[in-house]
Amino acid sequence: MGAVAAIGGLFLTAIATYYSAAVSQSQLEQAREDADRNSRRQAARVTWWWQGGAGEGRLHVMNRSPDPVTAVGFHTVFFQTRLRNPRAVRFLVPALPPCAGIVLREGDLEKAAARVVPVRPDDRPGIVFMYFTDGNGNSCVRDANGLERAGSSGPRSWDRKSAALIESLPTAMTAAVCDDGQ
């Protein structure tokens, strides 16, 4: 009789352990989803756009999150006005403060690019995508199709020697809209 009770007790303990593990697994998955959502929330508030025509263009970079982003870069193609002989250049901005934005003029981009590739007088920049590291250390890429995690192709694995560092950044402007996404 005692053996039957012990076996029954073991069986009930096994069932309770199984359900406890299932609940723990569910909670872990929920925590991962919440962390990913929070990470994407910051990344979704970092953006760029190009304004102006040939020779007068300006690259606007905006961080509307309350956390700084680092290793901000732009994969850019310089091309002649007839889209011939494109040359790729990566621009690096060391960091972008929280709730702030900067504007880089086309001439400043051309000067920085000239340190790593020949830039001809009739060349124009075309931004292909932006990459950055968010406050959680995740590498992200934003292009015309939206936002993605960079994975192993992010800025940490790229050859920074071939990148044009934007040495003198303009004064950061305060972002008109800035929130923590809640």
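Values for this structure:
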item	result
Nitroxide proxy distance, nm - points 7 Å out along Cα→Cβ at LEU147 and ARG105	3.1
Accessible surface, 1.4 Å probe, highest first, among residues THR133, THR171, THR13	THR171, THR13, THR133
Difference of contour (0.36 nm per residue) and Cα-Cα distance, ALA88 to ALA3	23.0 nm
Simple spin-label estimate for PHE11 and HIS60 in nanometres, 7 Å along Cα-Cβ	7.0
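The values are calculated or read from the model by the stated rules, or taken from the named source; none is laboratory data. None of these values were measured; they are calculated from a predicted model. Here the Cβ is made from the backbone with ideal geometry for all residues, glycine too, and neighbour counts use every protein chain on show. Heavy atoms of the whole protein, side chains included, go into the accessibility calculation; ligands, DNA and RNA do not. Shrake-Rupley method; radii C 1.70, N 1.55, O 1.52, S 1.80 Å.
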